[in-house]
Amino acid sequence: MAKIAPQNIDYRNRARRNLERARGQLNSNDDERLPYAVLELRFAMEAITYDRAQAFKDDLPYEEYSTWQPRKLVAVLAGIDPSIMKTSTLRIGIEDQPGVPSTNMEILGTEFVLTADDIKDHYDVLGGGLHIPTMAQFQKDKLPDPVILRARCDEIVSIIDRVLTSQVWNSTFNVSSHIDCFRCKTPMRRRLPHGVKTLKAVCFECKAEYAVKDEADGKVLWSPVVSEAPCANSDCTAKVSLWPDEIKPGTCWTCKECGVVSEISLNVGVKGAE
Ligand SMILES: [Zn+2]
Ligand SMILES: [Zn+2]
């Protein structure tokens, strides 16, 4: 089936409008209007996350990321390159000597992003402000404090404002490398952040794990993280490679050399016995 070419949606402007509406609700100083501010701020956080995902769409499986919730999306983005979800300053300069950073760097700007921690700290907690108090909360006289909710909203307004007024955004400088997953053939891409020599990559499709290593001269080595298992036939020396999620009772394979079918099972033995 042909893949749908994703078209970019102007989420950044959408987030700006959400932020403005949230400010309007907060400025009314009416506690009854707080849930509307909460809703707009959650929308803004979602819009910013989707905007970020669009910048990295070549690294993500569109069919999946197009429907993901922000928290999942942020986790996957951070998995591609942890620096994607961090605030960074871009500097540019001509190298005096090849390979040696310039001593005369010009700052292009700082990119403030909505970090994984921002989502973790605020997105779900904010969701609590969208519901009316439960009966139990009324009975125990434990109603949410509008002062606390308002303070949190103000804090998120300033975080979102800083992201949206960033001088640069969605910069995607990187060394990236790709392979087709050895197990399921799904294309995989991994970014190597500046200065990082080795990292882990996990296939979106089948969860196979790889160790990705920068071998210099533009070469990147992908090694599948597998364990060797012996054939159950004691007269046979053949071995198979198993992915970590295959090492569990019930996994079977047919030996290519002797034809015996081996199966992993749990055994109880006497400790220390041969
Ligand atoms: Zn795979
Ligand atoms: Zn065998």
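The values are calculated or read from the model by the stated rules, or taken from the named source; none is laboratory data. These figures come from a predicted structure and were not determined experimentally. Cβ sites come from the backbone with ideal geometry, for glycine too, and all protein chains shown count toward neighbours. In case anyone asks, the SASA skips ligands and DNA or RNA and just uses the protein heavy atoms, side chains included. Shrake-Rupley method; radii C 1.70, N 1.55, O 1.52, S 1.80 Å.
Can we say Val225 is open to solvent by less than 60 Å² (accessible area, probe 1.4 Å), at pLDDT 85 or above, within 16 Å of ligand 1 (Cβ to nearest atom) and of a type outside the set (D, E, K, R)? In short, yes.
Among the conditions (1) touching a helix residue (DSSP H, G or I) at 6+ places or on another chain (Cβ under 7 Å); (2) part of a loop (DSSP other than H, G, I, E, B), the only one that Arg191 does not satisfy is (2).
If only one of Lys239, Lys219, Lys207, Lys213 is away from ligand 2 (no atom under 13 Å from the Cβ), surrounded by 11 or more Cβ atoms within 10 Å (Cβ to Cβ) and more than 15 Å from Cys181 (Cα to Cα), which one is it?
Step by step, each of Lys239, Lys219, Lys207, Lys213 is checked, and only Lys213 is away from ligand 2 (no atom under 13 Å from the Cβ), surrounded by 11 or more Cβ atoms within 10 Å (Cβ to Cβ) and more than 15 Å from Cys181 (Cα to Cα).
Within the stretch 218-226, at least one residue is touching a strand residue (DSSP E or B) at 6+ places or on another chain (Cβ under 6 Å) and part of a loop (DSSP other than H, G, I, E, B).
Just to be sure before I move on: is Cys236 closer than 17 Å to Trp253 by Cβ and out of contact with any helix residue (DSSP H, G or I) (no Cβ under 9 Å at 6 or more places or on another chain) in the structure I sent? Criteria met by Cys236. Out of the stretch 6-40, which residues are open to solvent by less than 40 Å² (accessible area, probe 1.4 Å) and small (Gly, Ala, Ser)? Of everything in the stretch 6-40, those that are open to solvent by less than 40 Å² (accessible area, probe 1.4 Å) and small (Gly, Ala, Ser) turn out to be Ala15, Ala22, Ala37. Can you confirm whether the stretch 188-196 contains a residue that is over 20 Å from Phe56 (Cα atoms), in contact with an Asp or Glu (Cβ under 7 Å, 6 or more places away or on another chain) and not assigned by TED's automatic domain parsing to the domain that holds Val76? No, the conditions are met nowhere in the stretch 188-196.
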